[in-house]
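What follows is a set of notes on a single structure, which appears directly below.
The values are calculated or read from the model by the stated rules, or taken from the named source; none is laboratory data. For clarity, every value in this text was computed on a predicted model and none was experimentally measured. Methodologically, a virtual Cβ is constructed for each residue, glycine included, from the backbone with ideal geometry; neighbour enumeration extends over all protein chains shown. Heads up: the accessible areas ignore ligands, DNA and RNA and are worked out on the full protein's heavy atoms, side chains in. Shrake-Rupley method; radii C 1.70, N 1.55, O 1.52, S 1.80 Å.
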Amino acid sequence: MTTKQKLILTLLLGSQFMLSIDFSILNVALPAIGRDMHMGAATLPWVATAFALPSAGFTLLFGRLGDLAGRRRLFLAGLVLLAAGSLTGGLAPSADVLLGARVAQGLAAALAIPSALGLLTTSFAEGPLRERALGLNGALLAGGFTVGALLGGVLTDFLSWRWAFLINVPIAVAIVIIAPAVITESGHSQRPRLDVPGAVTVTSGLLALVYGVTLARQDGWGSGSALGALAVSGVLLTVFFAVERRSSAPLASVTVLARPTVKWGNLGGLTIFSMGSAVVYLMTLYLQGTLGYSPLVTGLAFAVPGVAAVTAGTVAPRIIGRLGARSTLVGGIALQGAGFATLLALGSQRAWLVLVLAALGIGFFGHVSGIVAYTVTATSGLPGDEQGLATGLTTMTQLVGLTIGIPVIGAIAGSMSLAGLHRGIGTDVALNAVFAAAIWAGLRPRSRHDRLAQADAAVVAGDAGVGQHGEPAVF
């Protein structure tokens, strides 16, 4: 790898890591934010949702706009918006301004994450080097969620929750200054057309989905407004699929969406991200609200799943090479659920912190193993001209999963009593088991083409994670 490629990799992965941290860095700080901003139980969850809603809703649209306007241009625009939103949030005088800053950060993520992923694939030639870069990207995205909790606790305890916003500003500015000199703009001999009806329907449908889930958590699943938003989402997403079937330049090709590896692989990713983020959220509230630990101790507790995530990201390609992507994906989801299942024993004494650490360590080893496997599965067996769509779908799956997991499981948990906590964890564990079984059946090879696709995925993962003499590949 050349010096320039290493710098490109550092800039792109650094931006991805920073953006993934933003999904969780304020979770530990929520009690402090609530006190300072006078936000009650009904409005406090919107600190997370205001970021997640636009980041999930606009990902496919902005990913396609990157093809039209240039990925580097959108990447830099996203980082400029991130710096502005982070500065505004750090200095916010009121809850309304703070929530507006989180919306800006969410839009920045929707701009920058798919653009950075596209720049990553175009900066490295197809083959083991690109696959290692993509694997490292996936591991950092997952690790960033747990590191965000750790960093949020440290900043909140020693400085202020406002620094969870402000820390982004110098990093984003530095990347904006350096990136134009080393990252080449993506070019196309023929600019693709934007599928406007598809873009409008899928963006509106995803926004309605996240909004409906959030309202359901706030007002109950029987709420008319929540059910109405979810119904609108269902209609819009159905219209989106109908539009894509007839479009000459679809935003998301229906033939690609119908592939078993794409369909079931992304369902696996949705399960992994939604159920994992939900437990991190529940444990954040449990450690502070029930056990009475400080934000610093709560943040430090998430160092354990962070270490497990890094370890899993290192060994997962080798596991896929030995067992196959299907077995690793399903096994990762099952291990995630098994680790979380031990949390059903939690009580109200501080000694239960040991169980929390062990459960999160086990669960997040499975979590990141599953992330690597789902990325390989959902992007395997596709020609080169469909890889952009495949990586865009995996990004959208990640963002939607991070968005809906907390509201859904949080709504089921209800109050943060031990009974509510156990109810939320039990649901999380059950959903991991159900979807693991469904994905195992859905990815069962039914033809020679399916068997070859799964074999290719294993070979790709093996090349990505193992060096010439069998050692883990490093840069």
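Volume of the convex hull of the range 209-287 (Cα atoms only), normalised per residue: 105 Å³. For the range 211-366, the extents of the C-alpha atoms along the principal axes are 59, 48, 24 Å, listed from largest to smallest.
Projected onto its three principal axes, the C-alpha set of the range 254-319 covers 51, 27, 12 Å, listed from the longest axis down. Per-residue surface analysis assigns Thr184 an accessible area of about 100 Å², computed on protein heavy atoms at 1.4 Å probe radius.
Taking N as the residue count of the range 1-72, its C-alpha radius of gyration divided by 2.2 N^0.38 Å amounts to 1.53.
For the range 298-362 versus the range 411-439, the spacing of their alpha-carbon centroids is 16 Å.
The Cα trace of the range 290-348 gives Rg and Dmax of 15.1, 44 Å, the first to one decimal, the second as a whole number. The listed peptides 421-432, 89-100, ordered by packing as a protection proxy, come out as 421-432, 89-100 (highest mean of other Cβ atoms within 10 Å first).
Restricted to Cα atoms, the range 1-122 shows a radius of gyration and a Dmax of 15.6, 52 angstrom. Annotation: Thr375 carries an accessible surface of approximately 40 Å², with a 1.4 Å probe and no ligand, DNA or RNA atoms counted. Given a 1.4 Å probe and the protein chains as shown, Trp221 ends up with an accessible area of around 110 Å². Taking a point 7 Å from the Cα of Ser160 along the Cα-to-Cβ direction, the residues of the range 86-115 with backbone N closer than 11 Å to it are 90-93.
To the nearest 0.05, what FRET efficiency results for Phe241 and Ala174 with a Förster distance of 30 Å applied to their C-beta separation?
0.10
Peptides 266-276, 362-372 ordered by packing proxy, namely the average of other Cβ atoms within 10 Å per residue, highest first: 362-372, 266-276. Each peptide among 16-29, 299-312 gets the average number of other Cβ atoms lying within 10 Å of its residues, and from highest to lowest they stand as 16-29, 299-312. Residue separation of Ala351 and Arg35 scaled by 0.36 nm, minus their Cα-Cα distance, works out to 111.0 nm of gained length.
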